[in-house]
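What follows is one structure encoded as structure tokens, with my remarks underneath.
The values are calculated or read from the model by the stated rules, or taken from the named source; none is laboratory data. For clarity, every value in this text was computed on a predicted model and none was experimentally measured. In this analysis, Cβ positions are derived from the backbone assuming ideal geometry, glycine residues included, and neighbour counts consider all displayed protein chains.
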Amino acid sequence: MNRTKLYFYSALLVTLSVIILLVTGSFVLTLPLDTEKTIPLGTFITCAGMVALPLTPYWGVKELRKPTTKLNKILSGCLKMIIILGILWVPLSYGFAGNLSFTFSEKESFQGGQTAMKWFWRLSYGIGIGTVVIWLLYGIVLLFKGNKTVANNE
């Protein structure tokens, strides 16, 4: 197995594992990592998922790693931005919440308040939805490309 396939399957395995843990609400997510019990293991598990999710299509589709068409270059650039956001998810989220358990309150100030919580959820959902949209757009492009090939052969 070459490195690219290994990276793809590793990212896919991490993504699926994190999704299962998050959907089931596993107790593993709430295990404390420090003595004050302020840093849950779920923070770093979710971070792994936020990075692995966009890396899955990146390593799985050569055209998203090394694009040859203009549209694929745009999709690839967007995917790379999402990967960077996934890597920065913990520091950005910490900036929003002011804590590593990412809890928010009814504060008037931005950090830890309701406005910051909205930005936290936009970032979190944006990484997931953005990845899925890019993968779907790439699939749609493949469908149309396939139809043109069939039409030209007739």
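Results, tabulated for the structure shown:
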| read-out | value |
| --- | --- |
| Lone qualifier among Ile82, Ile140, Ile134, Ile129 - being modelled with pLDDT under 95 and closer than 26 Å to Gly60 by Cβ | Ile140 |
| Extreme residue, surrounded by the fewest Cβ atoms within 10 Å (Cβ to Cβ), among residues of the range 107-136 that are of a type in the set (Phe, Trp, Tyr) and under 20 Å from Leu85 (Cα atoms) | Tyr125 |
| Out of Leu21, Leu29, Leu12, sole residue that is more than 19 Å from Tyr125 (Cβ to Cβ), hydrophobic (A, V, I, L, M, F, W, C) and in contact (Cβ under 8 Å) with a residue 12 or more places away in the chain | Leu12 |
| Out of Leu71, Leu88, sole residue that is surrounded by fewer than 17 Cβ atoms within 10 Å (Cβ to Cβ) and closer than 17 Å to Gly139 by Cα | Leu71 |
